[in-house]
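These notes are about the structure you will find just below.
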Amino acid sequence: MPNKYQRKACSSRGNWSEESLKAAMDAVKKGEMTIYAASISYQVPRKTLERRYKKNNDKKGPMGPSSIFGEKNEKKLANHIKTMQKNGFPLTIDDVRKIAYQFAEQLNLNHRFNRETEKAGYDWLQGFLRRNHDITLRKSEGVSLARSTAMNKLEVDAYFELLESILTVDDGVLKPSCIFNMDETGLQLNNRPGHVLAEKGSKAVSTVTSTEKGETITVIACCNAEGTFLPPACIMKGKNKKPEFEDGMPPGSKLFMSPKSAYITSDLFIEWLKTHFVPRKPAGRVLLLLDGHSTHCNSVEMLEYANDNDINLLSMPSHTSHYLQPLDRTVFKSLKTHFYEQCRLWLKQNTGRRITRLSFGRLLNKAWGKAASAENAIAGFKATGVHPFNPSAIPDYAFTQELTKQMSKSQNECTATVIVEEQEENTSNIASANLEPVPNTFEVRQDISPAIAEPNSSVERIVLKKVLR
């Protein structure tokens, strides 16, 4: 573990606050008190107040030596880490350690990083994370290239323009009870191992699962912007539908059988529309938001049936449902978390047994009751900007148009791009004032920033651009 200063219980060193220092310096500047009187009145050591007054420094700062990069350079490194994360290329621990080493080499700092591995140490990394509270270690989620590049501002703006025209009716805006979103997700008849407590140094920490890979069952969910959910509909693979498959399911649920797979098809979607959605829809015109899957829009019969029943179908742009679909934003993750937790508890209570279709209904019922809440549904429509209508609800970092340009430029130049998060107007030396200059070294200009690797290249192939005067 890195060295961390622990204040002694009886120590009085540094027990003054920054506010007291500022007040004491103001009193001395205005001529109201002498340095000696101000130090007693505001409980700031006389030598400290005298030294700070001469240097006009009213910042307390941490005790002990500063970081190797200094405050300004370390802030640039932190901004670079956050920029790469927003662009979809988050840095690993090893990436940060290598970039820190090469950044120190760029600045010609007298560092103690490992020159054999060309990495900063774990002690420095722990201190860096302590000093930058807005950066933490997280487990990243994979996003396909098609999904990331499809999320561009032009497509999303066109979608919201079309959505606004549909939501606008003669007497105002379509009611939230008439705005629906439908989508499907897959649940496996198996429990998923999670984080557990174990003895340090254990070679293997195992969790018993029902099977290696459980059967997948599709769950069709639908809710409106008012927070009302339709009962779920499920799809199982097979031809013969047994009544016991529906035992314990949420009231009003429906089970479909599909001979080829448990995935939804155009025929199943039409059947769901006729037997499940239309009998429950309110009178009048409604809007049904769908993702861009082909099974939702490739049937002429389905489109005619929807038109005859006052159902406006609106398909989202392809590969954008992770930001534009309410169910994806606030419901499905909660549903899966609660479902697999119920699977874990079921296996704990039924040792030696497997989770089968006969148990699915009861497990789904418990998870559905926790995930399909009005709060989750309303939050999903709000987060996607559907209701209340708000296109600006989609954050700027969701769009990857600028990222695509950067990737193309990097591939053409075959070099790493140096990104400067914040460029100050003053073009003086960026080395912080508390860093002592190294003799016989180049001066470092302010536009130097940690080097960035190409998104498709390894960190070892980083090409540093040294900008020297």
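Can you find a residue in the stretch 188-210 that is open to solvent by less than 30 Å² (accessible area, probe 1.4 Å) and closer than 25 Å to Ile378 by Cβ?
Filtering the stretch 188-210 down to residues open to solvent by less than 30 Å² (accessible area, probe 1.4 Å) leaves 189-191, 210.
The next check asks that each one be closer than 25 Å to Ile378 by Cβ; those that pass are none.
The answer is no, given that none of the residues of the stretch 188-210 is open to solvent by less than 30 Å² (accessible area, probe 1.4 Å) and closer than 25 Å to Ile378 by Cβ.
Scan the stretch 247-267 for residues that are open to solvent by less than 30 Å² (accessible area, probe 1.4 Å) and part of a strand (DSSP E or B) and jot them down.
Matches in the stretch 247-267: Leu255, Phe256, Ser258.
With the condition kept exactly as written, say whether any residue in the stretch 195-205 is more than 21 Å from Trp272 (Cβ to Cβ), hydroxyl-bearing (Ser, Thr, Tyr) and either modelled with pLDDT of 90 or more or in contact with a Leu (Cβ under 7 Å, 6 or more places away or on another chain) (or both).
Of the stretch 195-205, the ones more than 21 Å from Trp272 (Cβ to Cβ) are 195-205.
Filter once more, keeping what is hydroxyl-bearing (Ser, Thr, Tyr): 202.
Restricting the remaining residues to those that are either modelled with pLDDT of 90 or more or in contact with a Leu (Cβ under 7 Å, 6 or more places away or on another chain) (or both) gives none.
Scanning the stretch 195-205 turns up no residue that is more than 21 Å from Trp272 (Cβ to Cβ), hydroxyl-bearing (Ser, Thr, Tyr) and either modelled with pLDDT of 90 or more or in contact with a Leu (Cβ under 7 Å, 6 or more places away or on another chain) (or both).
Given the conditions (1) touching a strand residue (DSSP E or B) at 6+ places or on another chain (Cβ under 9 Å); (2) modelled with pLDDT under 95, which single one is not true for Leu230?
All conditions pass for Leu230, except number (2).
Looking at this structure, is Tyr101 of a type in the set (Ser, Thr, Tyr), touching a Lys or Arg at 6+ places or on another chain (Cβ under 7 Å) and at pLDDT 85 or above? Walk me through how you get there before you give the answer.
Values: of a type in the set (Ser, Thr, Tyr): yes; touching a Lys or Arg at 6+ places or on another chain (Cβ under 7 Å): yes; at pLDDT 85 or above: yes.
In short, yes.
Tally time: how many residues in the stretch 345-356 are crowded, with 17+ Cβ neighbours inside 10 Å and out of contact with any Leu (no Cβ under 6 Å at 6 or more places or on another chain)?
2
The conditions are (1) in contact (Cβ under 8 Å) with a residue 24 or more places away in the chain; (2) open to solvent by less than 80 Å² (accessible area, probe 1.4 Å); (3) in a helix (DSSP H, G or I), and Asp123 fails exactly one of them. Which is it?
Among (1) in contact (Cβ under 8 Å) with a residue 24 or more places away in the chain; (2) open to solvent by less than 80 Å² (accessible area, probe 1.4 Å); (3) in a helix (DSSP H, G or I), Asp123 violates only (2).
Collect the residues in the stretch 244-266 that are over 14 Å from Thr218 (Cβ atoms) and charged (D, E, K, R), keeping them in residue-number order.
Glu244, Glu246, Asp247
Considering only the stretch 230-246, I want to know if a residue exists there that is assigned to a loop (DSSP other than H, G, I, E, B), among the acidic types (Asp, Glu) and open to solvent by 30 Å² or more (accessible area, probe 1.4 Å). First the steps, then the outcome.
Quick first cut of the stretch 230-246, residues assigned to a loop (DSSP other than H, G, I, E, B) only: 230-232, 238-242.
After this cut, where a residue has to be among the acidic types (Asp, Glu) as well, the list is none.
No, there is no match, as no residue in the stretch 230-246 is assigned to a loop (DSSP other than H, G, I, E, B), among the acidic types (Asp, Glu) and open to solvent by 30 Å² or more (accessible area, probe 1.4 Å).
Among the residues of the stretch 330-357, how many are aliphatic (A, V, I, L, M) and without any contact (Cβ under 8 Å) to a residue 60 or more places away in the chain? Before you say what the answer is, go through the steps one by one.
Residues of the stretch 330-357 aliphatic (A, V, I, L, M): 331, 335, 345, 347, 355.
Going one step further and asking which of them are without any contact (Cβ under 8 Å) to a residue 60 or more places away in the chain, we end up with 345.
Number of matching residues: 1.
Scan the stretch 92-112 residue by residue and report those that are crowded, with 19+ Cβ neighbours inside 10 Å and not in a helix (DSSP H, G or I).
Leu107, Leu109
Among the residues of the stretch 35-49 satisfying the criterion of being touching a helix residue (DSSP H, G or I) at 6+ places or on another chain (Cβ under 7 Å) and more than 17 Å from Ser17 (Cβ to Cβ), which is most open to solvent (accessible area, probe 1.4 Å)?
Only one residue tops the list, namely Tyr36.
Would a scan of the stretch 305-317 turn up a residue that is in a loop (DSSP other than H, G, I, E, B) and acidic (Asp, Glu)? Spell out how you get there, then give the answer.
Our first condition is that a residue be in a loop (DSSP other than H, G, I, E, B); within the stretch 305-317, this holds for 309-310, 316-317.
Still in the running and acidic (Asp, Glu): 310.
Among the residues of the stretch 305-317, at least one is in a loop (DSSP other than H, G, I, E, B) and acidic (Asp, Glu), which makes the answer yes.
Within the stretch 395-414, is even one residue at pLDDT below 90 and of a type in the set (Val, Ile, Thr)? Steps first, please.
Within the stretch 395-414, the subset at pLDDT below 90 is 395-414.
Now drop any that are not of a type in the set (Val, Ile, Thr), which leaves 400, 404.
Yes, the conditions are met somewhere in the stretch 395-414.
The values are calculated or read from the model by the stated rules, or taken from the named source; none is laboratory data. The shown structure was predicted, so the numbers you read here are calculated from the model rather than taken from an experiment. With ideal geometry, Cβ positions are generated from the backbone for all residues, glycine too; neighbour counts draw on all protein chains shown. Accessible surface areas use protein heavy atoms only, side chains included; no ligands, DNA or RNA. Shrake-Rupley method; radii C 1.70, N 1.55, O 1.52, S 1.80 Å.
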